[in-house]
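K.L.:
I am attaching a structure below and will ask some questions about it afterwards.
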C-alpha cells in the first residue's frame, strides 16, 4: 500500500486511468462482437452499419493510446473482411 501522500495520489490516478481504459476496451470489444454476430447471421447491411461504429470505437481507442496504431489497423482489416458479403 502507498505510504506517502504523493504515492497515494498516484495510486488513485492510476485507478482512474485504468477505469477509463477498461471502458474504452469494453466498447471496442462490443463493437467488434456486434459486427461478427451480424455477419454470422448473414445480415450484411446491418453488419456494415455496425462496422462504422466499430471503426469509430477503434479510432477513439487509438487516439487515447489504449491500443497501438498497427493493432487498430489490423482490427479494422479483420472486421472489414468479416463484414464483406460472401
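K.L.:
Of all residues in the range 11-43, how many are farther than 24 Å from residue 68 by Cα and in a helix (DSSP H, G or I)?
P.N.:
6
K.L.:
Kindly indicate whether residue 46 is touching a helix residue (DSSP H, G or I) at 6+ places or on another chain (Cβ under 6 Å), part of a helix (DSSP H, G or I), surrounded by fewer than 17 Cβ atoms within 10 Å (Cβ to Cβ) and free of Cβ contacts under 8 Å to residues at least 40 places away in the same chain.
P.N.:
Values: touching a helix residue (DSSP H, G or I) at 6+ places or on another chain (Cβ under 6 Å): yes; part of a helix (DSSP H, G or I): yes; surrounded by fewer than 17 Cβ atoms within 10 Å (Cβ to Cβ): yes; free of Cβ contacts under 8 Å to residues at least 40 places away in the same chain: yes.
Here the answer is yes, as residue 46 does meet what is asked.
K.L.:
Keeping to the range 66-86, report how many residues are part of a loop (DSSP other than H, G, I, E, B) and at pLDDT 95 or above. Talk me through it step by step, then tell me what you get.
P.N.:
Step one: of the range 66-86, the residues part of a loop (DSSP other than H, G, I, E, B) are 66-68, 84-86.
Cutting the leftovers down to at pLDDT 95 or above gives us 66-68.
Residues flagged as part of a loop (DSSP other than H, G, I, E, B) and at pLDDT 95 or above within the range 66-86 amount to 3.
K.L.:
Output the number of residues of the range 18-32 satisfying the condition of being under 12 Å from residue 75 (Cα atoms) and either more than 9 Å from the chain's Cα centre (by Cα) or surrounded by 17 or more Cβ atoms within 10 Å (Cβ to Cβ) (or both). Don't jump to the end; show me each part of the working.
P.N.:
The first filter runs over the range 18-32 and keeps only residues under 12 Å from residue 75 (Cα atoms), leaving 28-29, 31-32.
Then keep just the ones that are either more than 9 Å from the chain's Cα centre (by Cα) or surrounded by 17 or more Cβ atoms within 10 Å (Cβ to Cβ) (or both); that gives 28, 31-32.
So the answer is 3.
K.L.:
Continuing with this model, one more query. Quickly run through the range 65-83 and pick out the residues that are surrounded by fewer than 12 Cβ atoms within 10 Å (Cβ to Cβ) and touching a helix residue (DSSP H, G or I) at 6+ places or on another chain (Cβ under 7 Å).
P.N.:
Within the range 65-83, the first condition is being surrounded by fewer than 12 Cβ atoms within 10 Å (Cβ to Cβ), and the residues that meet it are 65, 68-70, 77, 81.
Within the range 65-83, just 69 meets the criteria.
The values are calculated or read from the model by the stated rules, or taken from the named source; none is laboratory data. Keep in mind it's a predicted model, so treat the numbers as computed, not measured. With ideal geometry, Cβ positions are generated from the backbone for all residues, glycine too; neighbour counts draw on all protein chains shown.
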